[in-house]
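Structure first, commentary second.
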Ligand code: SF4
Ligand code: SF4
């Protein structure tokens, strides 16, 4: 459920500014975002999405401006003089800059600001803190920005944290939104652009309020588990598991946490509906989850829960699998082959069903066609026409069959009119 109820802006926007800040980041979120296709970043930036405002992006890598010219809009957004609605996107976790108070250094900065008369690097954590109260929305992209991620793992000396922890549970944007979280390491680019588009549509009054879960994730993207949509799920259900990397079966016994991880990459692919962890042979290590990485380590070892779940599916899967192979055997035979008693394959010998299998198939198909007509079993003497047909009441009422060439009762020959030839032919029969 949505945790905050944003307001629709009074007048439709013609453009909205997006300020992209980076913290303790590898830039993977930027890379995956520019690979998005539905919608694409180009579509959003050029205003090609019907009804959506054009996005003016301020990005430290992608913007063409540099130096003071690049930083000026950031300062305007911080001091509330930009005069336009804007969104802040933060990539990477937020280091605790207070830890640098004694040494005078900094962890992550963008541009400079004046400190005690000197121009000093401007920490992005401070920029975020000053921008957030004026922003229409604050979006954390990637697991570092959402929950802290790898920089916040055990042993972290930077005090790194996610935006929720940095801004606090009471934070609301000017439109009443809590921090919106798009996790993933790296996140799926379309998850980000689709959420941005959905929020903008709502703010423009042309779309419904997007549903967010209790952790601020787009609910329609992050409710299902990896396992529920995995291309290898059928192997799991039949109790067949990969023994080593490169095997095609379910990866749970070599370290997949998919059954307990909320992520949609199997459905959506990594970029342009291609790739995605299990699709390319990688077990899930839980990178979208707040507990990542510590709660999913050591990677590539069997999760303890597997002892119960995979043992159960091995047991039940053995029986189910063999029953399905039995049905598959008859699904792989044509009726013609059944009648003639052998398969005319030039590729090799196809074993005939045993007497026991034939008996079992007899009862199986009896159940299959109970209450319906088995193909080929309809008596051939029945009228081939359906609906009102040509037999019965119609025929008694004088209706003629289509191939009836006898002279109709009361027929008056046409010897001179336009149908004379046809009439002559008919009366000669
Ligand atoms: S590979 Fe992972 S997500 Fe896929 S079926 Fe196996 S356990 Fe589930
Ligand atoms: S499947 Fe697992 S490892 Fe892969 S992106 Fe999703 S959460 Fe991360």
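The values are calculated or read from the model by the stated rules, or taken from the named source; none is laboratory data. Given the structure is predicted, the values throughout are model-derived calculations rather than measurements. Please note: Cβ atoms are built from the backbone with ideal geometry, for glycine as well, and neighbour counts cover all protein chains shown.
Computed quantities for the displayed model
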item	result
Single residue of the range 195-206 satisfying the filter (out of contact with any strand residue (DSSP E or B) (no Cβ under 8 Å at 6 or more places or on another chain) and in a helix (DSSP H, G or I)) that is modelled with the highest pLDDT	197
Matching entry among 302, 314 (being in a loop (DSSP other than H, G, I, E, B) and either over 25 Å from the mean Cα position of the chain (by Cα) or more than 16 Å from ligand 2 (Cβ to nearest atom) (or both))	302
Selected residue (only one of 179, 199 is in contact (Cβ under 8 Å) with a residue 40 or more places away in the chain and either within 19 Å of residue 30 (Cα to Cα) or touching a helix residue (DSSP H, G or I) at 6+ places or on another chain (Cβ under 8 Å) (or both))	179
Among residues of the range 226-251, those that are in contact with a strand residue (DSSP E or B) (Cβ under 6 Å, 6 or more places away or on another chain) and within 7 Å of ligand 1 (Cβ to nearest atom), counted	4
Which numbered condition residue 196 fails, given (1) under 20 Å from residue 40 (Cα atoms); (2) within 15 Å of ligand 2 (Cβ to nearest atom); (3) surrounded by 23 or more Cβ atoms within 10 Å (Cβ to Cβ)	(2)
Unique residue being away from ligand 2 (no atom under 14 Å from the Cβ), farther than 27 Å from residue 300 by Cβ and at pLDDT below 95 when the list is 176, 168, 216	176
Test: residue in the range 360-381 that is assigned to a loop (DSSP other than H, G, I, E, B), surrounded by 10 or more Cβ atoms within 10 Å (Cβ to Cβ) and at pLDDT 75 or above	yes
Cross-chain or 6+ apart pairs with Cβ under 6 Å, the range 205-216 first and closer than 25 Å to residue 289 by Cβ, then part of a loop (DSSP other than H, G, I, E, B)	211/2; 212/2; 216/178; 216/179
Close pairs from the range 238-254: first farther than 12 Å from residue 281 by Cα and not assigned by TED's automatic domain parsing to the domain that holds residue 278, partner within 14 Å of ligand 2 (Cβ to nearest atom) and not in a loop (DSSP other than H, G, I, E, B), Cβ under 6 Å, at least 6 apart	none
Residues satisfying the stated conditions in the range 269-280, i.e. within 8 Å of ligand 2 (Cβ to nearest atom) and either outside the structural domain of residue 307 (by TED's automatic domain parsing) or without any contact (Cβ under 8 Å) to a residue 24 or more places away in the chain (or both)	276
Exclusive hit being within 13 Å of ligand 1 (Cβ to nearest atom) and in a loop (DSSP other than H, G, I, E, B), set 283, 290	283
The range 230-268, subset at pLDDT below 95 and crowded, with 17+ Cβ neighbours inside 10 Å, residue nearest to ligand 2 (Cβ to nearest atom)	266
Failed condition for residue 184, given (1) in contact with a strand residue (DSSP E or B) (Cβ under 7 Å, 6 or more places away or on another chain); (2) assigned to a loop (DSSP other than H, G, I, E, B); (3) crowded, with 23+ Cβ neighbours inside 10 Å	(1)
Answer residue from the range 134-156, given it is in contact (Cβ under 8 Å) with a residue 40 or more places away in the chain and farther than 18 Å from residue 216 by Cα and is surrounded by the most Cβ atoms within 10 Å (Cβ to Cβ) among those	152
Hits in the range 134-179 - residues which are on the phi > 0 side of the Ramachandran plot and touching a strand residue (DSSP E or B) at 6+ places or on another chain (Cβ under 8 Å)	142, 148, 149
Subset tally (residues that are under 36 Å from the mean Cα position of the chain (by Cα) and not in a loop (DSSP other than H, G, I, E, B)) for the range 44-70	8
Residues of the range 114-130 satisfying the condition of being closer than 15 Å to residue 76 by Cα and at pLDDT below 90	none
Residue check for residue 189: within 20 Å of residue 21 (Cα to Cα) and in contact with a strand residue (DSSP E or B) (Cβ under 8 Å, 6 or more places away or on another chain)	yes
Tally of residues being closer than 25 Å to residue 183 by Cα and modelled with pLDDT of 95 or more across the range 305-319	0
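To keep it simple, each residue is scored yes or no on (1) buried (at least 18 other Cβ atoms within 10 Å of the Cβ); (2) in a loop (DSSP other than H, G, I, E, B); (3) without any contact (Cβ under 8 Å) to a residue 40 or more places away in the chain.
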position: 42; (1), (2), (3): no, no, yes
position: 73; (1), (2), (3): yes, no, no
position: 78; (1), (2), (3): yes, no, no
position: 104; (1), (2), (3): no, yes, yes
position: 110; (1), (2), (3): yes, no, no
position: 121; (1), (2), (3): no, no, yes
